[in-house]
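Before any comments, here is the structure.
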Protein chains: 2
Amino acid sequence: VDRARVVRVTSFDPAGRTLRKAAVVAVGSELLTPWRIDTNSLYVTERLDDLGIEVVMKAVVGDSAEEIDAAFRQALHRAHLVVLTGGLGPTADDLTRDVVSAALDLTLEEDETITARIRARFEARGWRMPENNRRQAMVPRGAQVIENPNGTAPGLWIERKDAVVLMLPGPPRELQPMLDRLVTGPLAARSGPERLRRRVLRIAGRAESHVEELTQPVYSAWQSQDLPIDTTILAAPGQIELHLSVRTPDPETGQRRLDQAVQELRGVLGRDLFTVDGKLLEEVVGELLRSRAERVAIAESCTGGLVASRLTDVPGSSEYVERGVVCYSNASKVELLGVAASLIDEHGAVSEPVASAMAAGMRERARTDWAVAVTGIAGPGGGSDLKPVGTVAIAVAGPLGRARVKTVRFPGGRLQVKTQASQVALDLLRRMLEDASGSPGAR
Amino acid sequence: VDRARVVRVTSFDPAGRTLRKAAVVAVGSELLTPWRIDTNSLYVTERLDDLGIEVVMKAVVGDSAEEIDAAFRQALHRAHLVVLTGGLGPTADDLTRDVVSAALDLTLEEDETITARIRARFEARGWRMPENNRRQAMVPRGAQVIENPNGTAPGLWIERKDAVVLMLPGPPRELQPMLDRLVTGPLAARSGPERLRRRVLRIAGRAESHVEELTQPVYSAWQSQDLPIDTTILAAPGQIELHLSVRTPDPETGQRRLDQAVQELRGVLGRDLFTVDGKLLEEVVGELLRSRAERVAIAESCTGGLVASRLTDVPGSSEYVERGVVCYSNASKVELLGVAASLIDEHGAVSEPVASAMAAGMRERARTDWAVAVTGIAGPGGGSDLKPVGTVAIAVAGPLGRARVKTVRFPGGRLQVKTQASQVALDLLRRMLEDASGSPGAR
């Protein structure tokens, strides 16, 4: 009969109605504490989005049969595809499999093939399979079993007249590859012909309201076009993101439409647009340095090493990051950078002359092409009427006497000031690298 | 009649049944994208937890009347308290108020007092109130209006026979203070007598499974006691957290019970337990340095400034962080720290002798009491058979010839290696500071 079997996802190509709306139910009592959040649904949303399947609701419930049942029934009522994540483990707390089977009136049967696979996983590590784990081999009658190469809990795909129910394990390293294979396999087969294409643009040096004002006339016009582009604006400290997406059955048309949209935005955003393909500012700076075969050194006071840490987050950055110094004390500014003590006395440690001297001294001592310097008051203490908390002086020194300095006053607490100051410092370096290259604008 | 009025939350003390179970519904289409997550529910959960009100389910829906209605009805069915967040703005997309009123069969009426308040907010900034904003003055008949000092959308409290419905604005800086006042006011009045007390313990230098093994016998025994303590273990790179909580009507008893539990855990965890009141490792190190009136300098290679950045995240750290250097190149190790080039040639830049020389050189040049040094291979490139990616040598030099060095091999990608290495470096300094103080163990 329709006994469940372990199948390779790739051999599995279900026919049935097209899935348009999805609901995600995350199961696990830890997701109802103040310390854990369901992030699996973000991944599920992104991958389903790609297929044009829209997530219309998400729910989180604890390890309670009653709550799982209520959320599952509700989801089944709202969507063509219900994705449940978590609750497939081997313990008595793991109830997803049982509750879903009961709600759909399917009996659970042990699949010996799965038991054998789980047992083999344990034995490969020299352990005996605990009896508990046999729970994970229980399969609702008629369900398709989805292999889990990264764990013991297989996924389950249940086909109903009016919906597909998909149960996936909770650990992201098990869920993500399993979903990836479903998205290129059976889920693709069950989605409409349209695919989503995206672009992530990032902007430095402008407030959200300003970006909105500049871009709104552009993206509003897209709405009435044949192939409308969806635009989302997201603001983070020191950075605005624009997410563009377009749905079309033809990838090349989609790509061309996005290229054109990016060109239009470039026209209004100019050099503030630092990436059109989702790069981080430190990656953009790294590419510019690498392409010019130049190196940078960093001198930081109030950012305390954050600029250097961001630059060195990028793989391969040891090629262009020569050194950095964190000169919190005035003595260290004098000793490590050769800043004149009299300059600090005259202007204060947080001043443009001191920032410029830090950059110049850093560049000279490190014998690099570029140096970035940051000095400021991150707070909460140390502010004054003239130089309130959040005041930061930022300087860059480069080849051929290139030098710039600016003072910015950032809002927010200590960490926000550090983050924003590091962003402005990297962005100033980016602009000067572009100027030096004679090729301003986002790559 | 029962016309809605703007009331001060403090004057508002509703009688009615005790609220035990809550459901949270977050409204907003942006929360169904892959780039945004509902974090308000974490804050709501934490504050309701304090009152002994358990969140049994959470839902996220977009700005769709149909979806909000379905989620709201479901929530009302599951809980005594339904908290809706978001969808109270002035635009046509903001539907929470309308959908909830319709579902509860309550008419919406404009409250002129609210209109006047909103208008005054705009006028204080020299602007005219857009007509749209009158939507925010619409109040379901019989609802209590909750002041919003940080925005235009007031909160709404609707009392039903069997439940309380609470609508709160989405922006956290509006929601949080509003909820805080409700938690000390009307929600406290409607909760049971029990209050939650918590402790957050953090452990460095042990794997989750090891912490579990050591603590499980301890916390299991708590379950059968008169006043059971709830324990949650959370793992992060380089750090394990234990969250303890106890519910009791008497705060002193709860406090004593937790003190005793903490003592028991201290007994099995020993010095790996670095805080019993939720401090970060960089804060603990900072307190130790401050109490000893000593200063530290940091020399980093593979962590690229992260150790210094973490230490300087703490307000007031300029008192004890003297300087740091990021010595990515071998030249910088020689020039900035006086490491002998021959030592690097002989042992390699990633080695215990070089780490020790970096710490000693940093300490001498900065004239600080302590110096921390980190040198390693963060990856993805640069590894070898002998020193694979993730190999990191960490050294601390201190007063009276105190010196320690160790080599650790961390799993994970570049950022995980950086994070874990910074954690081990700070932890080594913490232990040596405690040794020097003759007072080992968590404060």
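Quick notes on this structure:
- Reachable lysines from B:LYS58, criterion Cα separation under 21 angstrom, eight or more residues apart if same chain: A:LYS21, A:LYS58, B:LYS21
- Between the Cα long axis of helix A:112-124 and the first principal axis of chain A there is an angle of about 40°, rounded to the nearest 10.
- Rounded tilt (10° steps) of A:40-50 against the dominant C-alpha axis of chain A: 90
- Contact order normalised by residue count of segment A:293-443, Cα under 8 Å, 6+ apart, percent: 23
- Our note on the geometry: Cα centres of segment A:182-250 and segment B:204-254, 45 Å apart.
- The long axis of helix A:251-269 is offset from the longest Cα principal axis of chain A by roughly 30 degrees.
- Between segment B:141-179 and segment A:56-121, the alpha-carbon center distance in angstrom: 35
- Principal axis box of segment B:271-317, alpha-carbon based, largest edge first, Å: 31, 23, 20
- For segment A:327-401, the orientation-averaged shadow of the C-alpha convex hull comes to 4.8 nm² (one quarter of the hull surface).
- Per residue of A:295-306, other chain Cβ atoms within 10 Å of the residue Cβ number 5 on average.
- Structure-based [θ]222 nm, the protein assembly as shown - -39500 (n - 2.57) summed over DSSP H runs of at least 4, per residue, nearest 500: -12000 deg cm²/dmol
- Protection proxy ranking of B:357-367, A:232-242 - average other beta-carbon atoms within 10 Å, highest first: B:357-367, A:232-242
- Summarising the strand pairing of chain A, around 60 percent of its internal DSSP beta bridges are antiparallel.
- DSSP-defined antiparallel bridges as percent of all bridges, segment A:272-414, nearest 5: 55
- In Å, descending, principal axis extents of the Cα set of segment B:340-443: 41, 34, 19
- In terms of packing, defined here as the mean over residues of other Cβ atoms within 10 angstrom, the peptides A:379-386, B:335-342 line up highest first as B:335-342, A:379-386.
- When Rg and the Kirkwood Rh are both derived from Cα coordinates, the Rg/Rh ratio for the protein assembly as shown amounts to 0.97.
- Translational D in µm²/s for segment B:38-157 (Stokes-Einstein at 37 °C, 0.692 mPa s, Kirkwood Rh from C-alpha pairs): 212
- Translational D in µm²/s for chain B (Stokes-Einstein at 20 °C, 1.002 mPa s, Kirkwood Rh from C-alpha pairs): 84
- Exam field: B:ALA189 pseudo-label spacings to other copies (7 Å along Cα-Cβ), nanometres: 6.1
- Per the rotation superposing chains B and A, the chain B residue found at the smallest beta carbon distance from the axis is B:GLY305, 2, distance in Å.
- Scaled radius of gyration (Cα, divided by 2.2 N^0.38 Å) that segment A:227-381 gives: 1.35
- Shielding by partners, peptide A:37-44 (average Cβ within 10 angstrom, other chains): 3
- For B:GLN216, inter-copy label distances in nm, listed shortest first [label point 7 Å out on the Cα-Cβ vector]: 5.8
- Size of segment A:271-356 from its Cα atoms: along the principal axes, largest to smallest, the extents are 45, 27, 21 Å.
- Sorted from closest to farthest, the other copies place their A:ASP345 label points 4.4 nm away, with each point set 7 Å from Cα along Cα→Cβ.
Throughout, read-outs are computed from the coordinates displayed, never taken from laboratory work. Model, not experiment: these values are computed from the prediction. Neighbour counts run over all protein chains shown; Cβ positions are idealised from the backbone, glycine included.
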